[in-house]
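Structure record follows, encoded as structure tokens.
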Amino acid sequence: MAGSAVHHASTRLREQIAAIAATRFEASPADIELADGAAFVRGVPDRRCSLREIAALAANPLESEWRHEATRAIGSFGFHLSVVGVDVTTGEVHPETHFVLCDVGRALNPAIVEGQLVGAVIQGIGHATMEELVYDSSGQLLTGTFMDYAMPTAAKVPAVELVVHESAAASNPLGVKGAGEAGTSGVGAAVANAVAAAVGSAAARHVPLTAPRVRAAL
């Protein structure tokens, strides 16, 4: 949503800059190109004007607004596969490798997309294996601090393998889809199914799959 709004607003702003530069150069706005902080006439790179100079020539502040509204929801699609080990003595679940394929539409910044997906998988691992709000019989929260509320750390997370698939969405000008939540939403089911395949479905009917819960089921 935000990216599409920025795209449209930037396009409008570019049109304003091109119009001012065209007047300065006595050229058509269609022949104006923008690069390296300057406007110039296509094919005549020596005829250029910096964006600072363009702003000084403008009668009003150079600004643009755009309200982007989606006419229908768009989501990303993903596939998760989890490899886990289960300690049958303690019941502890050890995620070893997690594979995720995600259709992100277009990855405008591949490094950020991959970081979002890896972080989301780790968050999903926490949800699936340890993070839990525990209350006593009187309703008092027992896991209200980081001393009691377990979260995954770098020392215990599995290797995460990614495949980023790009199938542009038709609903927005950038062709993008969400990338963050797609890395989280499938983790719990994948981990639980892996545990079920390892030691039986009785151990995987309630997440998080904590060691006491799995051991009791075994």
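The values are calculated or read from the model by the stated rules, or taken from the named source; none is laboratory data. Please read these numbers as outputs of a predicted model, since none were measured by experiment. Because the Cβ atoms are built from the backbone with ideal geometry, glycine has one as well, and the counts that use them run over all protein chains shown.
Residues in region 20-45 that are small (Gly, Ala, Ser) and surrounded by 14 or more Cβ atoms within 10 Å (Cβ to Cβ): Ala21, Ala22, Ala27, Ala38, Ala39.
Evaluated against (1) over 10 Å from the mean Cα position of the chain (by Cα); (2) of a type in the set (Val, Ile, Thr); (3) part of a helix (DSSP H, G or I), Ile112 falls short on exactly one condition, (1). Where strands (runs of 3 or more DSSP E) fall wholly inside region 11-105, the ranges with 2 or more residues that are under 30 Å from Thr210 (Cα atoms) are 77-86, 93-103. Quick one: what pairs do we get from region 144-158, first residue within 12 Å of Val134 (Cβ to Cβ), second at pLDDT 90 or above, C-beta under 6 Å, 6+ apart or different chains? As it stands, the answer is Tyr149/Thr143; Ala150/Met130, since those pairs meet every condition given.
From the list Arg72, Arg52, Arg48, the one residue that fits, being under 23 Å from Gly175 (Cα atoms) and either surrounded by fewer than 18 Cβ atoms within 10 Å (Cβ to Cβ) or free of Cβ contacts under 8 Å to residues at least 12 places away in the same chain (or both), is Arg72.
Does any residue of region 141-163 turn out to be among the aliphatic types (A, V, I, L, M) and within 30 Å of Ala9 (Cβ to Cβ)? The answer is no; no qualifying residue exists. Scanning region 176-188 for any residue that is over 19 Å from the mean Cα position of the chain (by Cα) and not hydroxyl-bearing (Ser, Thr, Tyr) turns up nothing.
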